[in-house]
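For reference, the structure discussed in these notes is given below.
Where a number appears in this text, it was derived from the coordinates with a stated rule and is not lab data. Treat the numbers as computed from the prediction; the structure is a model and nothing was measured. Cβ placement follows ideal geometry from the backbone for every residue including glycine, while neighbour counts extend to all protein chains displayed.
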Amino acid sequence: MKLILTCALTPLLLTSVFADGAFYGDPPDATHPWTIHDMNRPQPPVIKGATASTQEKPGQPPSDAIVLFDGTEASLAKWCSDADVNQPTKWVLHDGAFECAPKSGYTRTKEEWGDCQLHIEWSAPAKAEGSSQGRGNSGIFPMGQVEVQVLDNYNNPTYPDGFAASVYGINPPMANPLNPPGQWQVYDIIFRRPLFKDGKEIDPGYLTVFSNGVLVQDHTAIEGGGGHRARSKSHPFPEKGPLKLQDHGNPVRYRNIWFRPLPARAAEGGEIGQLSPEATAAKRKEIAKSIRDKAAKLEGREKMLHLMESLCYESDPATAKAAEEMNVAALAAITKTPAAEMESKKGEVKQLADALNYLINAKAIPAPNATKDALDKIIKEKGWDK
Ligand code: MG
């Protein structure tokens, strides 16, 4: 049995401790399938984290990342010409970096995906030539749809919505933490595509960008993807698309490119955020079933508590009946205990009373409940409520 310590007062605060966090936090509701602090929720997968890059050496991607470029010739095979996907990329490998061959055209990944965390490092030519948009210009296009600007803005003013780490044509970055040209710059980008349902936008899609570790785009709405001179209008994106890198005529270099696909948002059937009432009901059903399946392999008190716990998620007449019969039997056994041994039953009595109280508060079982009333009476008589 795991001990769960109470650390916050809630209307359902309980004095007893339960296996696996049951009967602890607020119960599920119409848009939250889990209780607060629900141990039935999946544990986050264990991965190995990324390591930081230095100017001399790129860091290591996290263990669950999909690597798009790691400095090797082999990783170039993951890229192709944007104009003709059957043609290899014309960009070149240069000292372990992926370098734009000016006038060769955009390059893109062969692989396509949607929402992601993208890590990418870039370096403008060490010799600063040109000004404004003409100096060290390239660009990063998640799904090929919207540009996170790459530009040498070190001592190089330009229109702010076209700055390095701007969402081009939409929103300037909040700061300019760029290193001098020739040095590596690190972008960490979180991309969510726009979502439409029945022709209506339900989520505009967002870009969050860190430039050299500094937050420069904070959940910036995509507004259709932006562009040059023209104001874009929100529109659906496909489900998947490639990552594209821009050829703007400057030999900008890239290294250490990797991404991690992001799980679906609630609005597209995922479990991030509040779920729809339909999805919540389906999930609650699924959780209740898994707890009942667990209960089927248990005996006695543990079985009873699991059957009771499942009722928080789904009202199931057969389970409610089985749990109630076990509650009645448990009370009968308690009342048969000789007075001298009653103290040893304190935990058991309080635990069952608390569980019943929780289920009543959660409206998972009807009130009044004769077993709970009898248990409360014992608790009061013994002074266990003090
Ligand atoms: Mg650009």
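Separation of the range 201-250 from the range 318-386 is 58 Å, based on Cα centroids.
Taking the range 68-268 as the region of interest, the number of lysine pairs whose Cα atoms are within less than 30 Å, with members eight or more places apart or on different chains, is 27.
Here, P(r) means the percent of Cα pairs in each 10 Å bin from 0 to the largest distance; for the range 68-268 it is 9, 38, 38, 14, 2, 0.
Going from the residue with the fewest nearby Cβ atoms within 10 Å to the one with the most, ASP70, ASP152 rank ASP70, ASP152. Taking other C-beta atoms within 10 angstrom as a stand-in for reagent exposure, SER132, SER123 fall in the order SER132, SER123, fewest first.
The Cα-based radius of gyration and maximum Cα-Cα distance (Dmax) for the chain are 29.3, 93 Å. A quarter of the convex hull surface defined by the alpha-carbon atoms of the range 321-386 gives 4.3 nm² as the mean projection.
To make sure I understand the rule: partners must be aspartates and glutamates, Cα under 14 Å from the Cα of LYS57, and not fewer than 8 residues away in the same chain. Which ones qualify? Correct list for LYS57: ASP70, ASP95, GLU121. Computed over the range 111-216, the convex hull of the alpha-carbon atoms projects to a mean area of 7.1 nm². Here's the picture: charge each Lys and Arg Cβ at +1 and each Asp and Glu Cβ at -1 in the chain, and of TRP122, TRP34, SER132 the one pushed furthest to the positive end of that dipole is TRP34.
Against the empirical curve 2.2 N^0.38 Å, the C-alpha radius of gyration of the range 268-386 lands at a ratio of 1.22. Taking 19 Å as the straight-line reach from the Cα of LYS283, the aspartates and glutamates in range (excluding those fewer than 8 positions away in the same chain) are ASP20, ASP26, ASP29, ASP38, GLU268, GLU271, ASP293, GLU309, GLU314, ASP316.
3J(HN,Hα) couplings calculated from phi for the range 152-158 with the Karplus curve 6.51 cos²θ - 1.76 cosθ + 1.60 (θ = phi - 60°) are, in sequence order, 7, 9, 6, 6, 9, x, 7 Hz; Gly and Pro show x. Relative to one another, the C-alpha centroids of the range 252-293 and the range 146-169 are positioned 33 Å apart.
By definition, a body whose alpha carbon gyration tensor gives a ≥ b ≥ c is oblate when a/c is 1.5 or more and a/b is not larger than b/c, and the range 78-173 fits this oblate description.
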